[in-house]
Amino acid sequence: MEQAISYERIPTSIYADSDAASKAIAHEIAAIIRQKAHEDKPAVLGLATGSSPKKVYSELIRMHREEGLSFQNVVTYNLDEYYPMEADAVQSYVRFMREQLFDHVDIPAGNWHLPDGTLPLDKIGEFCKDYETQIERYGGLDFQLLGIGRNGHIGFNEPGSLINSRTRLMTLDLTTQIDAAGDFGGLAKVSKKAITMGVQKIMEAKRVVLCAWGEHKAMNVARAVEGQVSSDVPASYLQLHENASFIIDTSAASQLTRMRTPWMVDSVNWDRPMIKKAVIHLALTVNKPVLKLTNSDYNENGLSDLLALYGQAYDINIEVFNFLQHSITGWPGGKPNADDSNRPERAYPAKKKVILFSPHPDDDIISMGGTFQRLHDQGHDVHVVYQTSGNIAVADDEALRFAEFVVDFNEKFEANNPKANRIYKEAAKFLKAKKDSEIDTEEVRYIKGLIRRGEAKNTCRYVGIKKENIHFLDMPFYETGTIQKNPIGKEDVEIVMNVIDEIQPHQIYAAGDLADPHGTHKVCLDAIMEAVQKLKHREYMNSCWVWLYKGAWQEWDIDQIEMVVPMSPDQVLKKRYGIFKHQSQKDGVPFQGTDAREFWQRAEDRNSNTAKLYNQLGLAEYEAMEAFVRWKF
C-alpha cells in the first residue's frame, strides 16, 4: 500500500465538531493539572479569550463540579487585553475570564493574571517586563491555549509580528478591529490597541494547542499549517515549536489539502459525492466545462485512479454533468404532475406545508428570498418562523428615533396610556445617556425587537404571506442583551418543537451556516436539529424534508449543492426590494464584519456567483441562483 502524503507541517487533529474537540483539549489540560498536583507543583497555564475556547472552559467547569477537578494549584496568565479597558467593562477580558471560568472553579483569587488595561501609557512597558518575569519565575508555561484570528494572529500578535517579539502594547489590525466591532457596538467604538503576550513567550511554553472552529478560520488554518513560516501569518511560527498542535473542527479544516483534495493525499473511496467533488474541482482548476474535460486533464491533475475506474473521461463527465443538471429546479416545492425521479424535490403532495426558519428577522429574505417568493407563488402553505428577536442588531439612534416617535405620537393624539409613555420616555432617557459599556435595559431591548418584528411583518406582506402564517419565537437563549448568548436550553428546543408540531410541515428550510459554532445561526440550527430528532417518530415527519440554506456571507461549495433555484433579473430585483423592508439593517449595520457591502449587495453577488459557477461548468446561464443542501435526519 502506498504511504499517504502529508502537506501539514504541524500535527493537526480534526474533530467532527467543536464540542468533541473542546473536550479533548479540556481533558489534556485537566491531566496536566492533576499531574502537577501529584508532584506538588503549580500548573502554569496560558489562557485565551474569544469564542473558540468557550467550550473548553465549559468542560473544565463540568469536570470541576462533577469529577472533583481542583484548580487550587493552577496559576494562569492570559494572552491579552484591550487598551484602554476597565476590568468591569462588557468587552473586558477580565470580565470574560471570570464569567467563563474563574468564578466557577476553585482557583485562588491571586493565581489568575491578565494584562492591565487601566495602566497609564508610561507604565505599560514596565508592566509587560514584569508579566514575563512572573511567568519565568514559575519555570515557564506548562500549557498555552491559543485561538487564531481571521488574519492569522495569535494573541494580538498581528501580521508583521516577529518571532522574537516580547509582551507589549500593540496596535490592532483593521481586520481585528472589524471582527471586534460587534462586541463594542460598532467599529468606531473598538479599542485600537491591546496589550499582548509576545510570540517569543508563547513559543517558550512547554506545550501549545491552537483551536479553531468554523469555515471563516479555514483559510488561515491552512496557511499556518501548510504554508511557509511567515510573519504575515504569525500562527505559522508554531511550525517551529517542538510540541505544538492544531485541534480543529471539520469546517476549520476545509481548506487543508487532505480535506479539499483528499485524492492528492491518499487513496479515496470513489463514491458519488467524492466523484462530484473531484470532477468539479478539476473543471474549475483547468477552467473548462465538465463535458470538455479530457483523459489528459484527469491524469495530469492527480485523478488517474478515477479515470482508471471509468476508462474514459467522457463517461465520468456525463455522470457529473447529470448530477449538476438534476440539482437545478424552478419548483423548490416540487413540480406537480411531473416525473420527479431526476428532480431534487417530490412532486407530491402538490401543495406542501412549508416552514421557513429564519434565525434573525431578515435571514429569510436575504438568504432565500427568491425561493421564498416562488414557494408562495406556486401555491404552497408557507409559514415563516423567526427564531430570535434580532434586537442587538438595532443601532441605539434607531431605537431612540422610534421611542421619541411613540412619545410624540401619544402626546399629539392624546393617547392616554401612562405606562406606555413612561416606558418609552425612560428608554429614550437611557439611550441618550448610555455608556459604551452598558447593556441595554429590558425596555430598550423590547423596543429594538419591535422594530425588527415590524420589518419582518412588512417583508411577509410584500411576499404575500398571511398574518397567521408569521411566527415569532423570541428564543430565550438570545435574550441576554449582549453578543454573548446563553447556551441552548430545553425551553429553546421545546419552542421549536411546538411550532413544528403545530404546522406538521412537508418541508423545512433552515439556516445551515456553520461558520461560527457559537453564532446565532448555529445555535438556532442546533435547536431545529434537536427538535426534529425528537419529533422524527411522529407520522407526519415521515414525509418531511429539511433543506439548509446559507447566510449572507457564504454559499455552499458547489459540489455539496443538492437543489439550486434559478432567478430571473426581475426576481433578483424583487428580492432586493424585499431586503429593503429591513430599514434598520441598512447603512451601517453593527455586524458588517470585513464586508462593507450592504446585505442586498452581498446576497446579489453571492447568488450571481453561484449562477456563474454553474455556467462555467457548462450548465445554462442564469442571472442568479439560491442553493440548498438536504439534511437527511
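The values are calculated or read from the model by the stated rules, or taken from the named source; none is laboratory data. For clarity, every value in this text was computed on a predicted model and none was experimentally measured. No Cβ is skipped: glycine too gets one built from the backbone with ideal geometry, and neighbour counts run over all protein chains shown. What goes into the accessible areas is simple: the full protein's heavy atoms, side chains included, and nothing from ligands, DNA or RNA. Shrake-Rupley method; radii C 1.70, N 1.55, O 1.52, S 1.80 Å.
Could you please find all residues in the range 575-586 being of a type outside the set (A, V, I, L, M, F, W, C) and surrounded by 18 or more Cβ atoms within 10 Å (Cβ to Cβ)?
575, 578, 581, 582, 584, 585
Can you find a residue that is touching a Leu at 6+ places or on another chain (Cβ under 8 Å), open to solvent by less than 70 Å² (accessible area, probe 1.4 Å) and more than 30 Å from residue 265 (Cβ to Cβ) anywhere in the range 4-18?
There is no residue in the range 4-18 that is touching a Leu at 6+ places or on another chain (Cβ under 8 Å), open to solvent by less than 70 Å² (accessible area, probe 1.4 Å) and more than 30 Å from residue 265 (Cβ to Cβ).
Report yes if residue 308 is surrounded by fewer than 18 Cβ atoms within 10 Å (Cβ to Cβ) and among the small types (Gly, Ala, Ser), otherwise no.
For residue 308, the condition - surrounded by fewer than 18 Cβ atoms within 10 Å (Cβ to Cβ) and among the small types (Gly, Ala, Ser) - is met.
Of all residues in the range 381-401, which are open to solvent by less than 10 Å² (accessible area, probe 1.4 Å) and under 14 Å from residue 508 (Cβ atoms)?
382, 384, 385, 387, listed by residue number.
Out of 351, 288, report the one residue that is out of contact with any Phe, Trp or Tyr (no Cβ under 9 Å at 6 or more places or on another chain), among the charged types (D, E, K, R) and free of Cβ contacts under 8 Å to residues at least 24 places away in the same chain.
288
Select from the range 540-560 the residues that are among the polar types (S, T, N, Q) and more than 16 Å from the chain's Cα centre (by Cα) and write down the one among them that is nearest to residue 216 (Cα to Cα).
560
When the residues of the range 32-72 are narrowed to those that are within 30 Å of residue 177 (Cβ to Cβ) and in a loop (DSSP other than H, G, I, E, B), which ends up modelled with the lowest pLDDT?
Applying the filter and picking the extreme gives 51.
Taking the condition of being more than 33 Å from the chain's Cα centre (by Cα) and open to solvent by less than 40 Å² (accessible area, probe 1.4 Å), how many residues in the range 256-302 meet it?
Result for the range 256-302: 3.
Select, from 107, 135, 124, the only residue that is part of a loop (DSSP other than H, G, I, E, B), aliphatic (A, V, I, L, M) and modelled with pLDDT of 95 or more.
107
Given the condition open to solvent by 20 Å² or more (accessible area, probe 1.4 Å), at positive phi and outside any helix (DSSP H, G or I), answer yes or no: does some residue in the range 366-379 qualify?
yes
Residues in the range 19-32 that are within 28 Å of residue 229 (Cα to Cα) and open to solvent by 20 Å² or more (accessible area, probe 1.4 Å): how many?
2
Can you tell me how many residues within the range 530-544 are open to solvent by 50 Å² or more (accessible area, probe 1.4 Å) and not in a loop (DSSP other than H, G, I, E, B)?
Of the residues in the range 530-544, 5 are open to solvent by 50 Å² or more (accessible area, probe 1.4 Å) and not in a loop (DSSP other than H, G, I, E, B).
Return yes or no: is residue 67 open to solvent by 40 Å² or more (accessible area, probe 1.4 Å) and either out of contact with any strand residue (DSSP E or B) (no Cβ under 7 Å at 6 or more places or on another chain) or more than 20 Å from residue 202 (Cα to Cα) (or both)?
So residue 67 passes the test.
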